[in-house]
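Okay, structure first, notes after.
Computed from the coordinates by the stated procedures, all read-outs in this text should not be read as laboratory data. Just so you know, these numbers come straight off a predicted model, no measurement behind them. A quick note on method: Cβ atoms are made from the backbone with ideal geometry, for glycine too, and the neighbour counts reach across all protein chains shown.
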2 protein chains.
Amino acid sequence: MIEAAVFGYGTVGSGTVEVIMDNNDVISKRIGDKINVKAILDLRDFPGDKYESRVVHDVNVIIDDPEISIICETMGGVGAAYKFTKMALEAGKSVCTSNKELVALHGPELIELAKEHNCSYKFEASVGGGIPIIRPLENALTADVILSVCGIVNGTTNYMLTKMDKEGAEFDDVLKEAQANGYAEADPTADIEGHDARRKIAILASIVFGKTINSEDIPTEGITKISARDMKYAKQLSRKIKLLARYESSDNKRYAMVAPFLLTNEDPLYSVDDVFNAIKVTGNMLGEAMFYGRGAGKLATASAVVGDVVECAKNLGKHIPCDWSSEVVTLTDMESSERKFFVRVGAETASEAKELFPIEEEVKVGFYDEFSFVTKVMTEKAFKEAKEKMGAGMINYIRME
Amino acid sequence: MIEAAVFGYGTVGSGTVEVIMDNNDVISKRIGDKINVKAILDLRDFPGDKYESRVVHDVNVIIDDPEISIICETMGGVGAAYKFTKMALEAGKSVCTSNKELVALHGPELIELAKEHNCSYKFEASVGGGIPIIRPLENALTADVILSVCGIVNGTTNYMLTKMDKEGAEFDDVLKEAQANGYAEADPTADIEGHDARRKIAILASIVFGKTINSEDIPTEGITKISARDMKYAKQLSRKIKLLARYESSDNKRYAMVAPFLLTNEDPLYSVDDVFNAIKVTGNMLGEAMFYGRGAGKLATASAVVGDVVECAKNLGKHIPCDWSSEVVTLTDMESSERKFFVRVGAETASEAKELFPIEEEVKVGFYDEFSFVTKVMTEKAFKEAKEKMGAGMINYIRME
């Protein structure tokens, strides 16, 4: 019998218990041993809950229980979750987590701690919810030099952008609706400002590179400036606006970025709508592969946590290696990166814009108070300088993929 | 130093050598040991080829070489490839293959043989080219009861259907063009009749179920009856025609089938065009995930072969388990399966069709010599009976997804 415990009986935590208990037969068969959730750590009580009797309030009850060998950390945050994860690993218990914030901040340290104590720290659920992406990067795409990882990794913002695209609604209205139906949190900052996506691409880039890419070093723009007008322009350009989290490496340059991009329908990410996530990986031999699925949600995320539990259960007493060192990689300054930009300026500043930007194509959808265009390929540096000179004349801009 | 050998220096074989040699640094780093291709087995000589001196004509040179521990079988076919694979496994050498025909026919036997000789038989490249799909099914989606696997797994037919859709061309013309530019073989039967797709879904279904689904037991219809007119109707219905290979399991029923289907744009497979492949996996907890990429091609397929080589190299002297027994599963008769059908009959038989089929909707695109409609949901059995009664009056039909 393999005894597991769950830290945090919230959405993903209760999903994790449900997956282990409801799919117990098939999971036990795959492990080759029966598995059980012996204890659930939470500050709250859950009177009437099916697993009420397994809830404990003291982490030490779990840490000191020699029968418990695997922990599912679904608390979130970097306070207690960090402390309890370290305690568990030091006690030789493997930890499987959905906590991207903790993984992005302390991943290599916790992997190293697991190695020292012959157990494992696994985090498939931290990126892309139920989509297998960490494991394919580590174990499947091993013949390739990975040139880029680029994805839609935040379900809330993708849901909002899809709504805005389909309904022509404004950002604030869609945000309110998303909050009302549970797709966005009361404080939506982490999602709409791109911080969540930034943490996830930091994790993916670190796994690809084998060293640490600090989340805070990644230039990040959210979707708060995207308006119903932008959606009209996107349609006119036969494109969709998507919040991309990207990492590219070439010629010793390593770029990472989170920002809204205008995608053509040739891009497989173009069709990824609503709360779905997808991550595109380009290898020098493989070409392009894409992994698609539910990027969030109770059971999808729990499915990924429990997938890690199965792997840990098959490797009890052993450390499952993960090539991610704590050495920090300095990203290349985005300024040398090149692309086209879609730009909207006030109609009264059109002549100024024409002088400042290399314009490839004007874009007209019937808003006579503004002048809008697509630039020729230019560097981020040149764009930034032109943008600064435009000052308040610039209404908005979106990068072109 | 890990010494590998390649059986068959054709497209995938030469790609495999290229991947191992050109990406040698990154691959050796991942293995933790230097890797080399010591010998290449082929009946032909390759004068002027970079690796000319490594070509041998006698399989025993490789089998008897104790330094060679991993074989890439990229010969294809079930004759010599089968014999040589057995010889290699019996000599304790792991075999990584792209040969779907051999895997579909002798997979469990070769896995068992590998187990007996403490080596491995790996076949990620046999389905979906470079797309990781076997490994995610075995190692990632382990928390779920897999309810269905459904994919576009044949690049040739998807390329042809995409051409027909975009250009309004007829089947025969597109086939000739595909043959001319190397996307279809001189004898295209295996692709256009669905045999290749059938082998691949047999492999995937067997991996999911852990027992053997015989490729020959899977009802299979190819794309030879699809015409430019069908494409017009598909557009009218806002759908695309795709050759799907599918496996579904529910309530002790196990269906498998290969046939053209009409997909809505809500289906993530709808956007999978040209030579791309994608496989959709539905789990009872995960929901829907999809794996997308190049389903064929020299380097993409070779990338998957070499991904297996890396895993074998990390597990030398050990058998990597694969849960696929030789016990044959009897599939449920498709007759009880239910869906809508799109049907075209001669205009003169319209009244007969109206009596025989439960018609939900007539579909008109301006061909007055025929009567076309979508049926209500009906069983395959009821459809087959009505179809037989229609006789020569039936022009074509396509299943609706």
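Taking chain B as a Gaussian network of alpha-carbon nodes connected by springs under 10 Å, the highest mean-square fluctuation of the residues B:N99, B:N252, B:N23 belongs to B:N252.
Among B:L286, B:L141, B:L262, the largest mean-square fluctuation in a Gaussian network model of chain B, built with springs joining Cα atoms closer than 10 Å, belongs to B:L286. Residues B:F291, B:F46, ranked from the fewest to the most other C-beta atoms within 10 Å, line up as B:F46, B:F291. Potential lengthening of the chain between B:S336 and B:E216 amounts to 41.3 nm, from the contour at 0.36 nm per residue minus the alpha-carbon distance.
Where only DSSP H runs of four or more residues are counted, the protein assembly as shown gives -10500 deg cm²/dmol as its mean residue ellipticity at 222 nm, each run worth -39500 (n - 2.57).
Would any residue of region B:309-331 have its amide N under 11 Å from a label point 7 Å out along Cα→Cβ of B:N118? List them or say none. Under cut-off, by backbone N: B:316-319. Contact order, relative form, for region A:1-59: 38 percent (alpha carbon pairs under 8 Å, 6 or more residues apart, mean separation divided by residue count).
Report, for B:E90, each distance to the same residue's label point in the other copies, shortest first and in nm; define the point 7 Å along Cα→Cβ. Counterpart label points of B:E90 in the remaining copies fall at 5.7 nm.
Overall, region A:336-400 carries a charge dipole of about 260 debye about its Cα centre when +1 sits on the Cβ of Lys and Arg and -1 on the Cβ of Asp and Glu, all other atoms neutral.
Neighbouring Cβ atoms within 10 Å as the yardstick, rank A:D333, A:D267 fewest first.
Details: A:D333 12, A:D267 21.
So the ranking, lowest neighbour count to highest, is A:D333, A:D267.
Of all chain B C-beta atoms, the nearest to the rotation axis linking B with A is recorded, alongside its rounded Å distance, as B:S271, 2.
Scan region B:213-319 for GluC sites (Glu not before Pro) in coil per DSSP, keeping those whose Cβ has at most 13 other Cβ atoms within 10 Å, and list them by number. For GluC sites (Glu not before Pro) across region B:213-319 that sit outside H, G, I, E and B with at most 13 neighbouring Cβ atoms in 10 Å, the list reads B:E266.
Electrostatic tally near B:A234: other residues with Cβ closer than 11 Å to its Cβ, Lys and Arg +1, Asp and Glu -1, net +4. Relative to the current alpha-carbon distance between A:D251 and A:E177, full extension at 0.36 nm per residue lengthens the span by 22.2 nm. Each Lys and Arg Cβ is given +1 and each Asp and Glu Cβ -1; about its Cα centre, the protein assembly as shown then shows a dipole of about 180 debye. GNM, chain B, Cα, under 10 Å: largest mean-square fluctuation among B:C150, B:C322, B:C96? Between B:C150, B:C322, B:C96, it is B:C322 that shows the largest mean-square fluctuation.
From the square roots a ≥ b ≥ c of the eigenvalues of the alpha-carbon gyration tensor of chain B, which class results: rounded (a/c under 1.5), prolate (a/b over b/c), or oblate?
Values: a/c = 2.50, a/b = 1.88, b/c = 1.33.
Prolate.
As a length-normalised measure over Cα pairs under 8 Å and 6 or more apart, the relative contact order of region B:134-294 settles at 34 percent. Label-point spacing at A:D187 relative to the other copies reads 6.8 nm, in ascending order, each point sitting 7 Å out from Cα along Cα→Cβ. Of the trypsin sites (Lys or Arg not before Pro) in region A:44-93, the ones in a loop by DSSP (not H, G, I, E or B) with at most 10 other beta carbons within 10 Å are A:R44.
For chain B, the dipole from Cβ point charges (+1 on Lys and Arg, -1 on Asp and Glu) about the Cα centre works out to 640 debye, to the nearest 20. Length available on full extension from A:E52 to A:D22: 0.36 nm per residue minus the Cα-Cα distance, which gives 9.2 nm. Is the protein assembly as shown best put as rounded, prolate or oblate by its Cα gyration tensor, with a ≥ b ≥ c the root eigenvalues, rounded for a/c under 1.5, and otherwise prolate when a/b is larger than b/c, oblate when not? In terms of gyration-tensor shape, rounded.
Say the dipole of region B:164-226 comes from +1 at the beta carbon of Lys and Arg and -1 at that of Asp and Glu; which of B:G210, B:A190, B:A178 then lies farthest toward its positive end? Of the options given, the answer is B:G210.
Add +1 for every Lys or Arg and -1 for every Asp or Glu among the other residues with Cβ under 10 Å from the Cβ of B:A289, and state the total.
Values: positive: A:R294, B:K280; negative: B:D144, B:E288.
Here the count lands on 0.
Here the relative contact order of chain A, from alpha carbon pairs under 8 Å that lie six or more residues apart, stands at 18 percent. Summing +1 for each Lys or Arg and -1 for each Asp or Glu among the other residues whose beta-carbon sits under 15 angstrom from that of A:Y121 gives -3. What does the C-alpha gyration tensor say about the overall shape of region A:340-401? Classify as rounded when a/c is under 1.5, otherwise prolate if a/b is larger than b/c, or oblate. It is oblate, given that a/c is not under 1.5 and a/b is not larger than b/c. Sorted from nearest, the other copies put their B:D323 label points 2.8 nm away, the label point being 7 Å from Cα in the direction of Cβ.
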